[in-house]
Amino acid sequence: NTDNKDTGSGGTKSGDKLVIGFSQVGAESEWRTANTKSMQDAIKDAGHELKFSDAQQKQENQIKAIRSFIAQKVDAIVFSPVVETGFETVLQEAKDAGIPVFLADRAVDIEDDSLWVTFLGSDFVEEGKKAANWLVEETKDVKGDVNIVELQGTVGSAPAIDRKEGFEEVIKEHPNLKIIKSQTGDFTRAKGKEVMEAFLKSEGDNIDVLYAHNDDMAIGAIQAIEEYGLKPGEDIKIIGVDAVKGAFEAMAAGKMNVTVECNPLFGPQMVDLIEAHLAGEKIEKRVAVEESMYTMDQAEELLPTRQY
Ligand code: AHR
């Protein structure tokens, strides 16, 4: 598919214009919107053609999209898997068709790693550990129990599994840090609010900390806490993940305490990897995105510099 194509202004190192199929998770969060834009811009800027499919957080939609990319004989498939398991068959079909698959943002739990070229994304376990380490430091002088409620991401997704694992690994060393409720909020504001309302209904003033697997759920929960009559950021400490603008706004307003960065702006890095692979270069099986962590006191100063 790389021959007979208009070379355009960009292209691979050999000048070919590529057709890239991108199966995205959905549009569930600020993070996801920024990630989609980063990929779209990078593919366009490189002079390639994008075939985009939004799975609306449904695995069956992703399987259909990948099959359609295979039928269209794209040059490469970029794929952010909604969940970790159940993609063997369709990835084998891509391999049999000779189409390289690049995992973006989320990994798969599949033994045969010849089914994809590389995985470019964040270290979600590390993000969970960073969130917990902040809490350990923040509560080091607290003698009694610290009651945590957890809003998990999409059930079965890599970030939900790994952020929980990383967080629990750290807090298990501190027996007074207790997760008293844990439920999925599907990475959305609406679900985050709804589940936080249920947590407040059953636990009320007993809740000290909210650990949300992403900022959107944290922001939804902040609304629920205010409506309940408590002060988010004070009565209940709020920990989020992503470092989206909405979290910086909430932190600048004193309503959120910390957000662990998960950088969605890896479109250019992904295009480089695809081009390098198709040019015959050897690329690493795992490529990490660099990230940091931000607290309430940094929010006002950093907000204008945030790109997503
Ligand atoms: O896979 C990355 C996660 O997915 C982000 O943290 C979350 O906001 C998104 O929905």
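Only the coordinates and a few stated rules stand behind these numbers; no lab work does. What you see is a predicted model, and the numbers here were worked out from it, not measured in a lab. Methodologically, a virtual Cβ is constructed for each residue, glycine included, from the backbone with ideal geometry; neighbour enumeration extends over all protein chains shown.
Neighbour counting of Cβ atoms within 10 Å sorts the residues ASP45, ASP242, fewest neighbours leading, into ASP45, ASP242. Exposure proxy shown here: for SER182, SER202, the number of other Cβ atoms within 10 Å sets the order, fewest to most, as SER202, SER182.
Comparing GLY233, GLY185, GLY156 in a Gaussian network model of the chain (Cα springs below 10 Å), the most mobile by mean-square fluctuation is GLY156.
Taken over region 30-158, the percentage of Cα pairs per 5 Å bin, counting from 0 up to the bin with the maximum distance, is 2, 9, 16, 20, 17, 12, 8, 6, 5, 3, 2, 1, 0. Note on GLU169 and SER68: with the Förster distance fixed at 45 Å, the Cβ-Cβ geometry gives a FRET efficiency of about 0.70. Springs join every pair of Cα atoms under 10 Å in this Gaussian network model of the chain, and among GLY240, GLY121, GLY204 the largest mean-square fluctuation is at GLY204. FRET efficiency for the pair LYS44 and GLU301, taken as 1/(1 + (r/R0)^6) with r the Cβ-Cβ distance and R0 = 45 Å, rounds to 0.85. Dividing the summed -39500 (n - 2.57) terms of all DSSP H runs of n ≥ 4 by the residue count of the chain sets its mean residue ellipticity at 222 nm at -12500 deg cm²/dmol.
Using Cβ contacts closer than 10 Å as the measure, can you line up HIS277, HIS48 from fewest to most?
HIS277, HIS48
Rounded to the nearest 10 degrees, the inclination of helix 124-138 to the longest alpha-carbon principal axis of the chain is 20 degrees. Global dimensions of the chain from alpha-carbon coordinates: Rg and Dmax equal 20.6, 70 Å.
For region 118-200, trypsin sites (Lys or Arg not before Pro) meeting the loop criterion (DSSP other than H, G, I, E, B) and having at most 10 other Cβ atoms within 10 Å: LYS140, LYS143, LYS172. The reciprocal of the average 1/r between distinct C-alpha atoms defines the Kirkwood hydrodynamic radius, which for region 151-308 equals 16.8 Å. Computed on the Cα trace of region 117-213, the radius of gyration divided by the Kirkwood hydrodynamic radius gives Rg/Rh = 1.00. Of the trypsin sites (Lys or Arg not before Pro) found in region 214-282, the ones in coil according to DSSP and having at most 16 other Cβ atoms within 10 Å of their Cβ are LYS282. For region 204-264, GluC sites (Glu not before Pro) meeting the loop criterion (DSSP other than H, G, I, E, B) and having at most 13 other Cβ atoms within 10 Å: GLU234.
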